[in-house]
Amino acid sequence: MSPIGTIKSYPNNPRVAKAQIAAAYNGLEINVEAFDLSKDRTPEFLNKFPMGKVPVFESDKVDLTESSAIGYYAAALKEDSALLGKTAVDKALIVQWMLFAETEISVNSSGWVLPLRGIWPYLKPNVDAAATKLKRALGALNTVLLTKTYLVGHEITYADIAIVTALISSYTQVLDKAARAEFKNVTRYFTTVTSKPLFQKYLGKITLCETPLKFVPVKKETKKKEAAPKKEAAPKKKEVAPAADEEEEEAKPAPPKAKNKLDLLPPSPFVLDAWKREYSNNDTKDAIKWFWEHFDPEGYSIWKVDYKYNDELTLTFMSNNLIGGFYARIERAHKYAFGSMIVRGENNNNTISGYFVVRGQEVPFEIYDAADFASYSFTKVEPAQYEEKKEEFYKYLAWDFEDCVDGKVFK
Ligand SMILES: N[C@@H](CCC(=O)N[C@@H](CS)C(=O)NCC(=O)O)C(=O)O
């Protein structure tokens, strides 16, 4: 039998297994083609699938996104398939569970698990809220499963395929034995369903979580207050390596090949790379003179940056890691931006603030597109304010504040 179409995704994505299992129950097959989110989102791909997410499905009959729809299509391809229910009641219940899997389980397990894996920014209140919402959904599911082996009727339907594949991430990464015991009907159901041969075939061996993931800061670059740069000493070569994007889940669409609009601006006499070299190789006191001699306020702009949720910051090294996470996410802005952001204060009483110099008169797309951009306010320093702000600008670049604990330079 020839495959019903091709799914593209990175490997071991349970959203792909959802369609494969549904197809297999109907005696059908789907081709799977490896897709690298960091390389394969070509303009042609984005033209066809503007959301730029995987999995996607292509066939001579239909192109689809949304894994639930892809799985549903595989389930619907066999006439009278038991997977989609025989009666209107069962059909509606199956849709109910399919939506529940997406909106109550997948979304919340992503909100809990992905920040812990460093794929999404870690903002504790958001992670806690996602965990609470997921547990609420599991509680409801647990009640329903008290008297049931399968969700709809007495055999596997697409409802079970959708729910079980959505549970994989939390059951393997954050719900340890004690947490699973709170939802023992769901746990029994999860192990029963995932041990079915067709589930095993496409999900592989599932190892239930033993030690739940904990928040691990992206990069630990603590620096004691005492070791903060002395006056005039520039924080040299303190660059942040772009976060290893081994997790494709959050990779951003590759920028379209078309020229960046910032490259089309009239040429500027201020050469950002020359400034970065100047800053890296000289005392900030000397570098800053070079800066003001060469700065071009028409081609570039200066922005004061402040973290919006300073009152939620706790340990200073964690605040510094937030800066590191932000820099990793604006990695594409290196060509157009320079910044120095510092952590000031002490554990449980600190702030994140700094300055950015960017090409053009607006915050570039490469910065405002970052998931955590909304956590920072960017306030433009107008040329008329330069004189008044020069001293502060210098201090942020030299990390020359008594209460400066640590910081990171984006260059
Ligand atoms: N609701 C969608 C979610 C798809 C999704 O979030 N895909 C992730 C990988 S699992 C992705 O492509 N992320 C890349 C991005 O956000 O740019 C589905 O079920 O297909």
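The values are calculated or read from the model by the stated rules, or taken from the named source; none is laboratory data. Given the structure is predicted, the values throughout are model-derived calculations rather than measurements. Reconstructed Cβ throughout: ideal geometry from the backbone, glycine too, with neighbour counts over all protein chains shown. To get the accessible areas, we keep the full protein, side chains included, count just its heavy atoms, and leave off ligands, DNA and RNA. Shrake-Rupley method; radii C 1.70, N 1.55, O 1.52, S 1.80 Å.
I'd like the carbon and sulfur percentage of the solvent accessible area for the chain, probe radius 1.4 Å, heavy atoms only, ligands and nucleic acids excluded.
54 percent
Would you compute, from DSSP H runs of 4+ residues alone, the mean residue ellipticity of the chain at 222 nm, taking -39500 (n - 2.57) per run and dividing by the full residue count, rounded to the nearest 500?
Value at 222 nm, helices only, nearest 500: -12000 deg cm²/dmol.
For a label point 7 angstrom out from the Cα of residue 402 toward its Cβ, which stretches of segment 321-346 have the backbone nitrogen within less than 16 Å?
344-346
Test of understanding: in a Gaussian network model of the chain with alpha carbons linked when under 10 Å, which of 354, 111, 27 would top the mean-square fluctuation ranking?
Per the Cα network of the chain with a 10 Å cutoff, 27 tops the list.
Given a Förster distance of 51 Å, report the FRET efficiency between residue 347 and residue 63 from their Cβ-Cβ distance, rounded to the nearest 0.05.
So, using R0 = 51 Å, E works out to roughly 0.45.
Starting from the Cα of residue 78, step 7 Å along the direction of its Cβ; do the same at residue 361; then give the gap between the two resulting points in nm.
Between residue 78 and residue 361, the simple spin-label model gives 6.4 nm.
Shape of segment 6-203 from its Cα gyration tensor (a ≥ b ≥ c, root eigenvalues): rounded if a/c is under 1.5, otherwise prolate when a/b > b/c, or oblate?
Oblate.
Give me the number: length gained by fully extending residue 283 to residue 91, i.e. 0.36 nm times residue separation minus the C-alpha to C-alpha distance, one decimal in nm.
My answer for the length gained is 62.1 nm.
What is the spread of the Cα atoms of segment 282-411 along each of their three principal axes, largest first, in whole Å?
39, 33, 26
Would you mind calculating the gained length between residue 331 and residue 309 on full extension (0.36 nm times residue separation, minus the Cα-Cα distance), in nm to one decimal?
5.7 nm
How would 198, 146 rank on accessible area, largest to smallest, probe 1.4 Å?
Ranked from most to least accessible, the order is 146, 198.
Would you mind computing Rg(Cα) / (2.2 N^0.38 Å) for the chain, counting N as its residues?
Normalised Cα radius of gyration, the chain: 1.19.
Taking the Cβ-Cβ separation of residue 200 and residue 31 as r and a Förster radius of 25 Å, what is the calculated FRET efficiency to the nearest 0.05?
Approximately 0.75, to the nearest 0.05.
Compute the accessible area per residue over the chain, keeping the other protein chains in place, probe 1.4 Å, unit Å².
Per residue, the chain has 49 Å² of solvent-accessible surface.
Give the ranking of 276, 39, 148 by solvent-accessible surface, highest area first, calculated with a 1.4 Å probe.
39, 148, 276
Magnitude of the Cβ-charge dipole of the chain, K/R +1 and D/E -1, about the Cα centre, nearest 20 debye?
Result for the chain is approximately 880 debye, rounded to the nearest 20.
Tell me the volume per residue, in Å³, of the convex hull enclosing the alpha carbons of segment 352-411.
Enclosed volume per residue, from the Cα hull, is 106 Å³.
Measure off 7 Å from each Cα along the Cα-to-Cβ vector at residue 47 and residue 149, then give the distance between these two points in nanometres to one decimal.
Going by the 7 Å Cα→Cβ label model, 5.2 nm.
Scan around residue 405 for amide H atoms under 5 Å from its own, H built in the peptide plane at 1.01 Å from N, and keep only partners 5 or more places away or cross-chain.
343, 344, 345
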